[in-house]
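Engineer: Below you will find the structure I want to go over with you.
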Amino acid sequence: IITVRVPVSSTELLAITTATGPVIVAAPGAGLSIQVISAAISYSFGTQLYGFLSDLGLYTDSGSFPQYTIPAAVMNSPSSEFRNMDSNGSSGKLSSNTPLVFRGGPDNVSSGDGDATLEVAYRIVSI
């Protein structure tokens, strides 16, 4: 099991869409996929609330099947939070040779200035 700690800046959070977001783990190579074992997020409230309309998640697919999610309400909180992310179990999709990306949607938020740090434990599996 491999663990990473990845900071996500306010600028990166503001740029998240259904299609794009910060890469948490690079693509592992042909015939391999990233399987998330556990994930947590530390959100540090700044001075301005975010207004995410839907949950954010950890994805290895381009569709709508995240492996782990965090409720929008946590990211929109007026206080700092340290939370486990929710596993989506068998509905979380594994895709071959794709990066693990933190993204959401459907729309960008236009305000907010807190930062986050993701703690992710994962393994590489053969597809």
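The values are calculated or read from the model by the stated rules, or taken from the named source; none is laboratory data. These figures come from a predicted structure and were not determined experimentally. All Cβ positions, even for glycine, are placed from backbone atoms using ideal geometry, and neighbour counts span all protein chains on display. Ligands, DNA and RNA are stripped out before the accessible areas are found, and what is left, the full protein with its side chains, is counted by its heavy atoms. Shrake-Rupley method; radii C 1.70, N 1.55, O 1.52, S 1.80 Å.
Engineer: Inspect the range 23-35 for any residue being on the phi > 0 side of the Ramachandran plot, in a loop (DSSP other than H, G, I, E, B) and either over 12 Å from the mean Cα position of the chain (by Cα) or among the hydroxyl-bearing types (Ser, Thr, Tyr) (or both) and give the result as yes or no.
Structural biologist: Looking through the range 23-35, at least one residue is on the phi > 0 side of the Ramachandran plot, in a loop (DSSP other than H, G, I, E, B) and either over 12 Å from the mean Cα position of the chain (by Cα) or among the hydroxyl-bearing types (Ser, Thr, Tyr) (or both).
Engineer: Determine, yes or no, whether Ser54 is hydroxyl-bearing (Ser, Thr, Tyr), loosely packed, with under 13 Cβ neighbours inside 10 Å, touching a residue at least 12 places away in the same chain (Cβ under 8 Å) and assigned to a loop (DSSP other than H, G, I, E, B).
Structural biologist: Numbers: hydroxyl-bearing (Ser, Thr, Tyr): yes; loosely packed, with under 13 Cβ neighbours inside 10 Å: no; touching a residue at least 12 places away in the same chain (Cβ under 8 Å): yes; assigned to a loop (DSSP other than H, G, I, E, B): yes.
The answer is no for Ser54.
Engineer: Can you name the residue in the range 99-113 that is open to solvent by less than 70 Å² (accessible area, probe 1.4 Å) and at pLDDT below 95 and, of all such residues, is nearest to Gln35 (Cα to Cα)?
Structural biologist: Filtering the range 99-113 down to residues open to solvent by less than 70 Å² (accessible area, probe 1.4 Å) leaves 99-105, 109, 111-113.
Of the ones still in play, those that are also at pLDDT below 95 are 103-105, 109, 111-113.
Values: Arg103: 16, Gly104: 19, Gly105: 22, Val109: 28, Ser111: 32, Gly112: 30, Asp113: 30 Å.
This residue is Arg103.
Engineer: Let me ask you something else. Kindly indicate which of Ile24, Ile16, Ile41, Ile37 is among the aliphatic types (A, V, I, L, M), at pLDDT below 95 and either surrounded by 16 or more Cβ atoms within 10 Å (Cβ to Cβ) or out of contact with any Pro (no Cβ under 7 Å at 6 or more places or on another chain) (or both).
Structural biologist: Numbers: Ile24 fails: at pLDDT below 95; Ile41 fails: at pLDDT below 95; Ile37 fails: at pLDDT below 95.
So the residue among Ile24, Ile16, Ile41, Ile37 that is among the aliphatic types (A, V, I, L, M), at pLDDT below 95 and either surrounded by 16 or more Cβ atoms within 10 Å (Cβ to Cβ) or out of contact with any Pro (no Cβ under 7 Å at 6 or more places or on another chain) (or both) is Ile16.
Engineer: Restricting the range 1-13 to residues that are among the aliphatic types (A, V, I, L, M) and surrounded by 14 or more Cβ atoms within 10 Å (Cβ to Cβ), which is farthest from Val74 (Cα to Cα)?
Structural biologist: It comes out as Val6.
Engineer: Which one of these is open to solvent by 40 Å² or more (accessible area, probe 1.4 Å), assigned to a loop (DSSP other than H, G, I, E, B), aromatic (Phe, Trp, Tyr) and free of Cβ contacts under 8 Å to residues at least 60 places away in the same chain: Phe65, Phe82?
Structural biologist: Working: Phe82 fails: assigned to a loop (DSSP other than H, G, I, E, B).
Just one listed residue meets the conditions, Phe65.
Engineer: Within the range 34-54, take every residue that is among the polar types (S, T, N, Q) and in contact with a strand residue (DSSP E or B) (Cβ under 7 Å, 6 or more places away or on another chain) and give me the one that is nearest to Phe82 (Cα to Cα). It would help to see each step written out before you state the result.
Structural biologist: Going residue by residue through the range 34-54, those that are among the polar types (S, T, N, Q) are 35, 38, 42, 44, 47-48, 54.
Narrowing the set further to residues that are in contact with a strand residue (DSSP E or B) (Cβ under 7 Å, 6 or more places away or on another chain) leaves 35, 38, 42, 44.
On the way: Gln35: 22, Ser38: 14, Ser42: 4, Ser44: 9 Å.
Result: Ser42.
Engineer: Sticking with this structure for a sec: Before we move on, is Thr11 assigned to a helix (DSSP H, G or I) and hydroxyl-bearing (Ser, Thr, Tyr)? Break it down stepwise before answering.
Structural biologist: Working: assigned to a helix (DSSP H, G or I): yes; hydroxyl-bearing (Ser, Thr, Tyr): yes.
Criteria met by Thr11.
Engineer: Here is a list of conditions, (1) part of a strand (DSSP E or B); (2) open to solvent by 50 Å² or more (accessible area, probe 1.4 Å), and Val120 meets all of them except one; can you say which number that is?
Structural biologist: If we test Val120 against (1) part of a strand (DSSP E or B); (2) open to solvent by 50 Å² or more (accessible area, probe 1.4 Å), just (2) comes out false.
Engineer: Considering each residue of the range 85-117, count those that are in a loop (DSSP other than H, G, I, E, B) and among the basic types (Lys, Arg), and give that number.
Structural biologist: So the count comes out to 1.
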